[in-house]
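Presented below is the structure to which this report refers.
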Amino acid sequence: MADILFIKTSSLGDVIHHMPALTEARKAQPQAKFTWLVEEAFAPLVALHPAVANIIPVAWRRWRKSLYAPATLIEIAGSLRSIRAHRYDIVVDSQGLLRSGVISRVAHGRRHGYDAASIREPLAAMFYDVRHSVSRALHAVERNRMLSGLALGYSPQGAPDFGLDRARFPAPDGRYVVLLHATTRPDKQWPEAHWIALGREIEKQGLDLVLPWATPAERERSERIAAVLPRARVPERAPLDAVAGLIAGAQFVVGVDTGLMHLAAALGVPLVAIFTGSQPGLTGPVGSGPLAVLGAEGAPPSVEAVIDAVAEIGR
C-alpha cells in the first residue's frame with residue numbers, strides 16, 4: 001500500500017481547489033494511504049474528505065506573528081518531527097511556495113512539484129526530486145489535478161469531484177440564504193448598501209439571511225448589514241466543518257471572491273459569485289450546482305444584475 005503526502009497548506013480557496021485532485025488520486029490508487037499537510041484552521045474541513053487518512057496540521061500563520069518566541073520554536077520543532085516521523089512513497093507539493101518547498105524537503109519520500117516555469121515561486125522548484133510542467137493558464141483546480149496525476153501516474157478524467165457530500169450534513173433548521181460579504185481584500189468587497197438592497201429583495205421571498213464572519217472587522221460589517229434587515233442574523237464564529245454545514249443547508253449562497261464562496265461551489269449549493277477585484281478565469285468557482293459568476297476586476301456587478309441572477313438560480 002502506497003503512502004502519499006500532499007502538501008497544500010493555505011489559503012482556504014487553495015485548499016478547496018486541491019480536493020478534486022485527492023478524490024481522483026484515491027480512485028486511481030484505492031489502496032493508498034493519503035496524508036494531507038495543511039494549516040491548522042483548515043484541518044476540520046480537510047477531515048471531511050473521505051480519502052484523508054491522516055492530517056498533519058501546521059500553524060505558519062500563527063507562528064510568523066512570534067517566530068522567535070521559545071514557545072513557537074518548540075511548536076515548530078514538534079511539527080517538523082511529525083513530518084519526518086513517517087516515510088512516504090511520494091510527496092506532492094501543490095502549493096508551490098518556498099515555505100512549502102522547504103516542508104517537502106523535510107519529509108521523507110520522493111518529492112514532486114511544479115517546475116520553475118510552472119510554479120508560483122520558482123526557487124521552490126529546487127526542493128523537488130521530480131519537477132512537472134503544468135500550464136499556468138489552467139484553472140487552479142485543473143493545475144492541482146494535472147500535477148497530482150503526473151506525480152502518481154494517471155491522467156485526470158471528467159468533471160472535478162470535491163469529495164464533499166452536501167447530503168451528509170444535518171437537515172437545516174428553516175429556509176435561509178447565506179451572504180458571504182466578508183473578504184480580507186478591500187478591492188474584493190461589494191458595497192454594504194448593495195448587500196442591504198439585495199437582502200431586502202431576498203427577504204421578500206420569505207427567506208432568512210445569515211451573514212458569517214471570521215475577523216472582528218468582518219463581524220462589525222455583518223452586524224451593520226443585519227441591523228437593517230429584519231430577517232438577518234449574525235452567527236457565532238465556528239470551525240470550518242460547522243461552517244460547511246451552515247452553507248450546505250442554505251437555499252442558495254451569494255458571495256464575493258473568498259474561500260467560503262469556493263466552499264459553497266464545492267458543496268454544490270446554488271451560488272451567485274460576485275467579482276470586483278479579481279478575475280474569475282483562473283480561480284473562479286467550480287462545482288456541480290447552479291452557478292452564476294458576475295463581474296470582474298475593476299467591473300463590479302450592479303445590484304440589479306445580482307438580483308436577476310438570484311432570481312434565476314433560486315427557481
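The values are calculated or read from the model by the stated rules, or taken from the named source; none is laboratory data. All values reported here derive from a predicted model rather than from experimental measurement. Here the Cβ is made from the backbone with ideal geometry for all residues, glycine too, and neighbour counts use every protein chain on show. Heavy atoms of the whole protein, side chains included, go into the accessibility calculation; ligands, DNA and RNA do not. Shrake-Rupley method; radii C 1.70, N 1.55, O 1.52, S 1.80 Å.
Mind telling me which of the residues Ile83, Ile55, Ile74 ends up being in contact (Cβ under 8 Å) with a residue 12 or more places away in the chain, in a helix (DSSP H, G or I) and aliphatic (A, V, I, L, M)? Walk me through it before giving the result.
Values: Ile55 fails: in a helix (DSSP H, G or I); Ile74 fails: in contact (Cβ under 8 Å) with a residue 12 or more places away in the chain.
Only one candidate passes the filter, namely Ile83.
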Quiz prompt | Pairs, first farther than 17 Å from Pro280 by Cα in segment 299-315, second open to solvent by 50 Å² or more (accessible area, probe 1.4 Å), C-beta under 6 Å, six or more apart | solution = Val303/His194; Ile307/Glu201; Ile313/Pro290
Quiz item: Regarding Ala53, is this residue touching a helix residue (DSSP H, G or I) at 6+ places or on another chain (Cβ under 7 Å) and of a type in the set (Gly, Ala, Ser)?
Solution: no
Quiz item: With Val134, Val178 as the choices, which residue is open to solvent by less than 20 Å² (accessible area, probe 1.4 Å) and closer than 19 Å to His262 by Cβ?
Solution: Val178
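Quick grid of which residues meet (1) within 18 Å of the chain's Cα centre (by Cα); (2) under 23 Å from Arg136 (Cβ atoms); (3) open to solvent by 20 Å² or more (accessible area, probe 1.4 Å):
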position: Pro20; (1), (2), (3): yes, yes, no
position: Gln29; (1), (2), (3): no, no, yes
position: Pro44; (1), (2), (3): yes, no, yes
position: Asn54; (1), (2), (3): no, no, yes
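Have a look at Ala273, Ala217 and point out the one that is closer than 25 Å to Leu45 by Cβ, without any contact (Cβ under 8 Å) to a residue 24 or more places away in the chain and open to solvent by 50 Å² or more (accessible area, probe 1.4 Å).
Details: Ala273 fails: open to solvent by 50 Å² or more (accessible area, probe 1.4 Å).
The unique qualifying residue is Ala217.
Does segment 234-254 contain at least one residue that is surrounded by fewer than 17 Cβ atoms within 10 Å (Cβ to Cβ), on the phi > 0 side of the Ramachandran plot and either touching a helix residue (DSSP H, G or I) at 6+ places or on another chain (Cβ under 7 Å) or not aliphatic (A, V, I, L, M) (or both)? Lay out the reasoning, then the answer.
Narrowing segment 234-254 to residues surrounded by fewer than 17 Cβ atoms within 10 Å (Cβ to Cβ): 235-239, 241-242.
Next, from what is left, pick out any that are on the phi > 0 side of the Ramachandran plot: none.
Looking through segment 234-254, none of the residues is surrounded by fewer than 17 Cβ atoms within 10 Å (Cβ to Cβ), on the phi > 0 side of the Ramachandran plot and either touching a helix residue (DSSP H, G or I) at 6+ places or on another chain (Cβ under 7 Å) or not aliphatic (A, V, I, L, M) (or both).
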Practice problem: Quick one: Lys65 ticks every box in (1) exposed (fewer than 13 other Cβ atoms within 10 Å of the Cβ); (2) closer than 20 Å to Ala107 by Cβ except a single one, so which number is it? | Solution: (2)
Quiz item: Out of all the residues in segment 107-121, which are in contact (Cβ under 8 Å) with a residue 40 or more places away in the chain and either over 27 Å from Ala77 (Cα atoms) or assigned to a loop (DSSP other than H, G, I, E, B) (or both)?
Solution: Ala107
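Looking only at residues that are of a type in the set (A, V, I, L, M) and in contact with a Ser or Thr (Cβ under 7 Å, 6 or more places away or on another chain) in segment 9-39, which one is farthest from Ala265 (Cα to Cα)?
We begin by selecting, within segment 9-39, every residue of a type in the set (A, V, I, L, M); these are 12, 15-16, 19, 21-22, 25, 28, 32, 37-38.
Narrowing further to those that are in contact with a Ser or Thr (Cβ under 7 Å, 6 or more places away or on another chain): 21, 25, 37-38.
Details: Ala21: 16, Ala25: 21, Leu37: 23, Val38: 21 Å.
Only one residue fits best here, namely Leu37.
Go over the candidates Thr35, Thr9 one by one and state the one that is closer than 30 Å to Gly255 by Cβ and either outside any helix (DSSP H, G or I) or more than 16 Å from the chain's Cα centre (by Cα) (or both).
Values: Thr35 fails: closer than 30 Å to Gly255 by Cβ.
Sole residue among the options that is closer than 30 Å to Gly255 by Cβ and either outside any helix (DSSP H, G or I) or more than 16 Å from the chain's Cα centre (by Cα) (or both): Thr9.
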